[in-house]
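The structure under discussion appears below in the form of structure tokens.
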Amino acid sequence: MREASAASFETDIFVVAAVQRFAETRATIKAMDTKLLFEDAAQFVTPLLAIFAVDIATGKDTEALPVLLSTSDTVSKSTARVLETGEFKAGLGETVLLHAPAGLKAERLLLVGLGKAKTLSVDDVRKGAGTAARAAKPLGLREVAIAFPEDHALSDEHVDALPALLTSRVLTEGAIVGEVDYDTYKSDRKDRSVHSLTVVAKEQDKTARAEIQQGFNEGVIIAGAQNFTRSLVNEPGNVMTPTELGKRATAMCKQNGLKCDVHSTERLHELKMGAFWAVAKGSAEPPALIVMTYEPEGGATKDAPVLGLVGKGITFDTGGISLKPAEGMEKMKYDMAGAAAMIGSMQAIAQLKPKIKVIGIVCSAENMPDGKAFKPGDVVTAMSGKAIEIVNTDAEGRLVLSDGLHYAKTLGCTHLINAATLTGACVVALGMINAGLFSNDDATCEKFQVGLKVSGEKFWRLPCTDDYRDQIKSQIADIMNTGKSRYGGATNAAMFLKEFAGEIPWIHLDIAGCAWNEEPKSWLPYGPSGIAVRSIVEWVRSYSA
Ligand code: BES
Ligand code: ZN
Ligand code: ZN
């Protein structure tokens, strides 16, 4: 154990360096090998084959009627006994494990419930697949196979409930995302990772195969991006500094053929980013302005939209001089989840190659109390020229984003989206189930909302109409960085950002309540959730020419 003494300075440096080295190796959790096969699942040799089931009972008080989403007679026979017992109700996330299933080559068969057939959604498949992957871990199994669901058993009204491409995609996503636990900092960690995932779909015609294959490929990309985001959010503040975030973004961009520039203090001054700098200047860690650019092959079409993705990257938020209470402050290491979502989204975009130009901008800094820190009462001038009265230094996210949004416009962005763990008020309003969604443009917002059906993420639209504008009026400067009253805090923050989006269609995602999964589910462990990546990617794809 290390002694706390004056002589421990060198040791401290050594320990930090060691933690960082350790973290770098931990951050690169090896992704699972994934494959898609078209063959009879009953004939597939595997330690564990997972099969989905739904409950087709319709009456409110009727007993559950679990039905397998499989057309294989062999599989049906092997599960007949357990289904007859009524022990398994096919509730969402419910599982039952059978050893040596009769007639199957698999050593174990895992039945995974997806819940009521009547309300079955593709997201239930995502959750079912996550449950299957996670169920294998405590068993110490390194290989998992999941039978591609065949929805013949569903009533007529559900015939189209599971379109092949989307089903394939969400199944793959669910398994890859659900499988990863962020327990990388436990020195006695037992590695329980699953090394290989096989999706086994029945043999079918060429068109159906192509659809399932495409969904699978997309699922691998999107889940990989979400996991990358999670790995960034998971890092503690002593490892994930703005500089480190810049390095990880640079490495990702290099791997994926994206242009990436990481700027710091000097460039912030050149760009006159007074709001961003106000937050950054109290920290010994220099800020990072990360700019990632994706250009479609052959270049973007003239006059086509250019999308700007702006992320809040506060690698630790102490509140600054308006210091936060100690209790719960450790959570503020994930105050860069918006930035991580944008970096992850850029990775997915680089791999999915939509036909649209996308620029990802991350404003990263540490919010610290210090002799050099900004103070309540200070007036700072944002890059846009607006003078901001600082009322509370803990409302720092909107400050860094204000310069990020304005900068995005100067780079030619025609549509903006930002993601940020912005307000506690949003968590009070929506809890940890829905994240906040704000927009100054209904059509743009609706495009985003359409994508939610595919992403399965929950964003609830809250108002930011001009009725609320008075809340951020300042007597001293143009605007102030908090609302006059503490009521409607999430909207007040959105109103502040809206000033900087100006006339440009803009979406603001307040992910404060959803970036960290406090309650583990059968399909998603405790820890960073990777929220917003899937929805942002869907929104970007909706603009692809
Ligand atoms: N990073 C916080 C918001 C937050 C809260 C993120 C909970 C994740 C979980 C943000 O910078 C903040 O402190 N906001 C203040 C604003 C207030 C001073 C107007 C808040 O919400 O209390
Ligand atoms: Zn804050
Ligand atoms: Zn913050």
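Let me spell out the model: positive unit charges on the Cβ of Lys and Arg, negative unit charges on the Cβ of Asp and Glu, origin at the Cα centre of region 100-257. What dipole size does that give, in debye rounded to 20?
It comes to approximately 580 debye.
Leaving out ligands and nucleic acids, and using a 1.4 Å probe, what accessible area per residue does region 47-167 come to in Å²? Each step should come with its number before you reach the end.
Numbers: 5290 Å² over 121 residues.
It amounts to 44 Å² per residue over region 47-167.
Run lengths n ≥ 4 of DSSP H only: what is the helix-derived mean residue ellipticity at 222 nm for the chain, with -39500 (n - 2.57) per run over all residues, to the nearest 500?
On the way: 14 runs with 193 residues, N = 545.
Only helices count here, giving -11500 deg cm²/dmol.
Given a 1.4 angstrom probe, I'd like the percentage of the accessible area of region 33-222 that is carbon and sulfur, rounded to a whole number.
Working: 4210 of 8410 Å².
Percent of accessible area from carbon and sulfur atoms in region 33-222: 50.
Which whole number in µm²/s is D for the chain by Stokes-Einstein, with the Kirkwood Rh taken over Cα pairs at 37 °C and 0.692 mPa s?
Numbers: Rh = 24.4 Å.
Reported coefficient: 134 µm²/s.
So how many Lys-Lys pairs in region 33-222 land under 13 Å Cα to Cα, not counting same-chain pairs under 8 apart?
Working: K60/K116; K60/K118; K89/K116; K137/K190.
Here the count comes out as 4.
Please list, ordered by chain and number, the residues whose modelled amide H lies under 5 Å from the amide H of T198; skip anything fewer than 5 residues away on the same chain.
Here the answer is K35, V144, A145, I146, since their amide H atoms fall under 5 Å of that of T198.
Counting DSSP beta bridges in the chain, what percent are antiparallel, to the nearest 5? List each step's numbers first, then the result.
Working: 30 of 75 bridges.
The answer is about 40 percent antiparallel.
With just the Cα atoms of region 276-360, tell me how far they stretch along each of the three principal axes, in Å, largest first.
Taking max minus min along each principal axis of the Cα atoms, region 276-360 gives 51, 23, 19 Å.
Residue by residue through region 120-137, which ³J(HN,Hα) values in whole Hz follow from phi under the Karplus form 6.51 cos²θ - 1.76 cosθ + 1.60 (θ = phi - 60°), with glycine and proline marked x?
Calculated HN-Hα couplings, in order: 4, 10, 4, 5, 5, 5, 4, 5, x, 5, x, 4, 4, 5, 5, 5, 6, 5 Hz.
Across region 498-512, in residue order, what do the Karplus-derived ³J(HN,Hα) couplings come to in whole Hz, using 6.51 cos²θ - 1.76 cosθ + 1.60 with θ = phi - 60° and x for Gly and Pro?
Using θ = phi - 60°, the values come out as 4, 4, 8, 6, x, 7, 7, x, 9, 10, 10, 10, 9, 9, 3 Hz.
Which percentage, to the nearest 5, of the DSSP beta bridges contained in region 285-407 is antiparallel?
Working: 10 of 21 bridges.
Counting DSSP beta bridges with both partners in region 285-407, the antiparallel share is about 50 percent.
Heads up, I need the accessible area for D303: 1.4 angstrom probe, whole protein in place, Å², nearest 10.
Result for D303: roughly 140 Å² accessible.
Based on the Cβ-Cβ distance from S485 to E446, what FRET efficiency comes out when R0 is 30 Å, to the nearest 0.05? Can you show the working numbers first?
Working: r = 30 Å, r/R0 = 1.02.
The pair S485/E446 has a calculated efficiency of 0.50.
Positive end of the dipole of the chain, charges at C-beta (+1 Lys, Arg; -1 Asp, Glu), about the Cα centre: which of A408, A532, V177 has its Cα farthest in that direction?
Farthest towards the positive pole: A408.
Given Cα pairs under 8 Å that are at least 6 residues apart, what percent is the relative contact order of the chain? Numbers along the way, then the final one.
Numbers: 1265 pairs, mean separation 75.8, N = 545.
That works out to 14 percent.
Give the whole-number value, in cubic angstrom per residue, of the convex hull volume spanned by the C-alpha atoms of region 33-222.
Working: hull volume 22.5 nm³, N = 190.
Per-residue hull volume (Cα only) is 118 Å³.
Net charge near D123: determine it from the other residues with C-beta under 11 Å of the C-beta of D123, scoring Lys and Arg +1 and Asp and Glu -1. Walk me through the intermediate numbers first.
Working: positive: R126, K127, K453, K458, R534; negative: D124, E173, E457.
Taking every Cβ under 11 Å from that of D123, the sum is +2.
Return the subset of K259/K473; K259/K302; K355/K521; K254/K498 for which the Cα-Cα distance in this structure is over 27 Å, preserving the input order.
K259/K473; K355/K521; K254/K498
Got a number for carbon plus sulfur as a percent of region 416-496's accessible area, 1.4 Å probe? If you can, show how the numbers build up before the last one.
Numbers: 2040 of 3770 Å².
Answer for region 416-496: carbon and sulfur cover 54 percent of the accessible area.
Mind checking the dipole of the chain: about its Cα centre, +1 per Lys or Arg Cβ, -1 per Asp or Glu Cβ, Debye to the nearest 20? Could the numbers behind the result be given before it?
Details: 59 positive and 67 negative charges, 125 e Å.
The calculated dipole for the chain is roughly 600 debye.
Charges on Cβ only, +1 for Lys and Arg, -1 for Asp and Glu, centred on the Cα centroid of the chain; of P236, L497, G431, which one is farthest towards the dipole's positive end?
So the residue furthest toward the plus end is P236.
Taking amide H atoms as placed 1.01 Å from N in the peptide plane, list the residues 5 or more away in sequence, or in a different chain, whose amide H sits under 5 Å from that of G308.
HN-HN under 5 Å from G308: I359, T414, H415, L416, I417.
Per residue, how much accessible area does region 280-414 show when a 1.4 Å probe rolls over the protein heavy atoms, in square angstrom? Walk me through the numbers before you get to the answer.
Details: 4480 Å² over 135 residues.
Normalised by residue count, the accessible surface of region 280-414 is 33 Å².
Among K312/K333; K247/K372; K30/K458, which pairs are too far apart, with a Cα-Cα distance over 21 Å? Mind dumping the intermediate values first?
Details: K312/K333 12 Å; K247/K372 26 Å; K30/K458 29 Å.
Result: K247/K372; K30/K458 exceed 21 Å.
The values are calculated or read from the model by the stated rules, or taken from the named source; none is laboratory data. What you see is a predicted model, and the numbers here were worked out from it, not measured in a lab. Because the Cβ atoms are built from the backbone with ideal geometry, glycine has one as well, and the counts that use them run over all protein chains shown. Ligands, DNA and RNA are excluded from the accessible area calculation, which covers all protein heavy atoms including side chains. Shrake-Rupley method; radii C 1.70, N 1.55, O 1.52, S 1.80 Å.
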